[in-house]
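The numbers here are math on the coordinates, done by the rules we state, and not lab data. It should be emphasised that the depicted structure is a prediction, and the values quoted were computed from it without experimental measurement. Virtual Cβ from ideal backbone geometry, glycine too; neighbours counted across all protein chains shown.
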Amino acid sequence: MTSRLLVLVLLGYMTLPTVVVIVASFNPTAILSFPPDGLSLRWYENALTYPQFRRAAVNSLLVTAASAGLALPIGTAAALALARYPLRLPAMWNTMLLSPLVIPGVAAGLGFLILAAALGLLANRIVLVAAHVVLVLPFVVRSVMVSVANLDPMLERAAASLGARPRRVFWRVTLPLLRPGLFAALLFAVIVSVNEFVVSLFVSTRVTEILPVAMFTYVVNYTDPTMAALSTLFIAATFVVVFLADRFLRLSRVFQIEERE
Amino acid sequence: MPEAPARESVARRSPALGYALLAPALAMLAVLALALGALLQFSVREFIPGSIRTGGLTADNFRGVLASHYLRYIWDTIVLSALTTVFTLAASYPIAYALARTPSARARSLLLILTLAPFFTGAIVRTYAWMLVLGNSFVQWPVKLLFEPRGVLIGLVHFSMPTMILILAAAISHIDPRYERAAASLGARPWRVFWRVTLPLSAPGVVSGSLVVFAWTFSAFPTPELLGGGRVKMIANVVKDLALDAFNWPGSAAFAALALLVTLALLVVTGRILGRHAA
């Protein structure tokens with residue numbers, strides 16, 4: 001019983017900030033108080049009309065669409081290569097593909113900044129997109145590889161034995177069977193890219209910055225609950241995406257969580 | 001004896017096509033390698049104030065890292081990372097244990113969603129949320145928390161818990177529950193079962209989780225930046241100050257290189273430990 005209470009307290013600690021942000025977003029005054037004296041949607045209005053947030057939202061859309069759109073085929077090809085082809089040193093390639101996960105954000109960020117300056121690409125969105133593709137790639141490779149590993153090669157052999165050419169087998173059998181893995185990969189790519197902050201801070205300007213960077217600047221300069229409203233919208237959007245993904249993709253399968261009977 | 005069908009189909013594929021499929025991903029990784037190479041190169045170049053060009057080779061940037069006012073931040077980084085590791089471990093173990101051992105599939109998926117939720121909400125939203133909690137507008141805390149090391153610590157532990165929980169839960173789920181039952185049936189009290197059976201058997205998870213959390217915290221940025229409010233600084237905050245506020249890229253690069261090397265060294269050690277355990 002005490003152990004169950006302990007788990008509940010710890011889970012409370014994990015969810016407390018989310019709850020507080022949601023409550024704060026409806027606060028009627030600029031100075032937060034608890035319990036709030038009334039409800040108000042003015043900070044939502046503020047968040048949705050603040051020009052810099054609008055500009056950053058458009059940038060986020062562009063950067064995430066471009067980087068997810070590029071990372072998905074690149075990562076899928078790499079996952080297929082690793083899982084299906086007799087490469088030398090497969091473990092080394094695997095480690096290399098996952099390596100962006102372990103590079104500290106400030107090191108990658110400053111590195112990309114210096115590189116961009118050397119190439120005359122400061123303030124160019126290309127650098128932002130390239131950085132996002134690199135950071136998102138491990139998630140895509142992982143998700144697709146899980147899917148490839150679960151794919152029954154007999155199905156492809158059956159198609160081939162019935163006369164389908166390799167290209168046709170790939171488009172009509174392999175790719176459709178990989179669909180759950182590809183969706184999971186896309187989901188991860190979008191979530192990681194939309195939330196990426198540290199590297200983006202280094203390689204973006206006021207004109208090209210994406211939402212997390214704009215939010216950071218806002219928090220540093222203003223204390224009103226506009227950020228709480230925007231955060232609540234972020235949390236709600238994430239929740240809807242994850243809920244839908246779980247509904248249609250069975251997330252537990254994506255995360256490979258084995259259920260003990 | 002017939003060969004496994006998977007092997008057969010792999011054997012028939014040409015490695016050349018495999019490398020061709022791998023090439024675009026390797027090209028992207030090459031960009032990252034170039035960026036990190038540029039960083040390391042800048043870390044040994046002379047800083048020319050007012051310019052993003054650099055001078056000749058120098059060790060001054062690393063000498064700067066060891067200057068007394070910066071040494072303090074490095075010390076703070078080490079202390080905060082160590083404390084974060086210890087508290088994260090203690091706070092994560094019960095949840096990981098519940099996640100690995102609960103018989104109800106519903107409870108497990110609820111625990112999993114609550115564990116993963118902070119992963120999905122992003123660093124800025126999460127850290128901003130802690131600013132609200134730690135500030136005195138909702139609760140009057142008996143001690144000052146925001147812009148103090150203890151507030152930063154609270155945020156860092158929260159940040160590290162999902163990672164630690166997932167690593168620990170995987171390790172605990174591999175322990176055969178019959179060991180625990182055997183110890184209990186021989187008369188050991190629950191605490192004794194935990195200390196003498198469960199905890200030692202989950203040691204690989206504890207060690208690798210701790211190393212990963214320490215390595216990540218060592219280069220943490222948004223949490224100390226916002227919850228520290230400029231009063232508490234870790235290495236990554238110094239990197240940002242020097243690079244984006246002082247435009248001293250070479251000086252900043254030395255700190256970033258330090259964070260990079262420490263993180264990579266720790267993760268290599270983790271890999272070694274896990275590899276030895278697997279073997």
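Descriptive notes on the structure:
- Scanning region A:154-167 for residues that are within 18 Å of B:Ser14 (Cβ to Cβ) and away from chain B (no Cβ under 11 Å) yields a total of 2.
- Subset of region A:168-187 (residues that are within 25 Å of the chain's Cα centre (by Cα) and either in a loop (DSSP other than H, G, I, E, B) or away from chain B (no Cβ under 12 Å) (or both)): A:Leu175, A:Pro176, A:Leu177, A:Leu178, A:Arg179, A:Pro180, A:Gly181, A:Leu182, A:Phe183, A:Ala184, A:Ala185, A:Leu186
- Summed over region A:55-102, the residues that are more than 7 Å from every other protein chain (Cβ to nearest Cβ) and either farther than 30 Å from B:Val213 by Cα or assigned to a loop (DSSP other than H, G, I, E, B) (or both) give a count of 14.
- Residue within region B:212-228 that is within 25 Å of B:Arg126 (Cα to Cα), touching a Leu at 6+ places or on another chain (Cβ under 8 Å) and of a type in the set (D, E, K, R) present: no
- Within the set B:Pro177, B:Pro190, the sole residue that is under 21 Å from B:Gly209 (Cβ atoms) and either of a type outside the set (A, V, I, L, M, F, W, C) or within 14 Å of another protein chain (Cβ to nearest Cβ) (or both) turns out to be B:Pro177.
- Unmet criterion (only one of (1) in a loop (DSSP other than H, G, I, E, B); (2) more than 18 Å from B:Tyr128 (Cβ to Cβ); (3) within 12 Å of chain B (Cβ to nearest Cβ)) for A:Ile31: (2)
- With respect to the conditions (1) more than 19 Å from the chain's Cα centre (by Cα); (2) of a type in the set (Gly, Ala, Ser); (3) more than 9 Å from chain A (Cβ to nearest Cβ), B:Ala253 lacks only one, and its number is (3).
- Condition met for B:Gly56 (surrounded by fewer than 13 Cβ atoms within 10 Å (Cβ to Cβ), not in a loop (DSSP other than H, G, I, E, B) and not charged (D, E, K, R)): yes
- Residues within region B:70-113 that are within 8 Å of chain A (Cβ to nearest Cβ) and of a type in the set (Lys, Arg), tallied: 1
- Against the numbered list (1) over 30 Å from A:Gly109 (Cβ atoms); (2) surrounded by fewer than 24 Cβ atoms within 10 Å (Cβ to Cβ), B:Ala169 comes up short only at (2).
- Residue that is surrounded by the fewest Cβ atoms within 10 Å (Cβ to Cβ), among those in region B:172-218 that are more than 17 Å from B:Val269 (Cα to Cα) and of a type in the set (S, T, N, Q): B:Ser185
- Contact annotation: residue pairs with Cβ atoms under 8 Å, 6 or more positions apart or on different chains, pairing a residue in region A:188-208 that is part of a loop (DSSP other than H, G, I, E, B) with a partner that is among the basic types (Lys, Arg), are A:Val207/A:Arg55; A:Thr208/A:Arg125.
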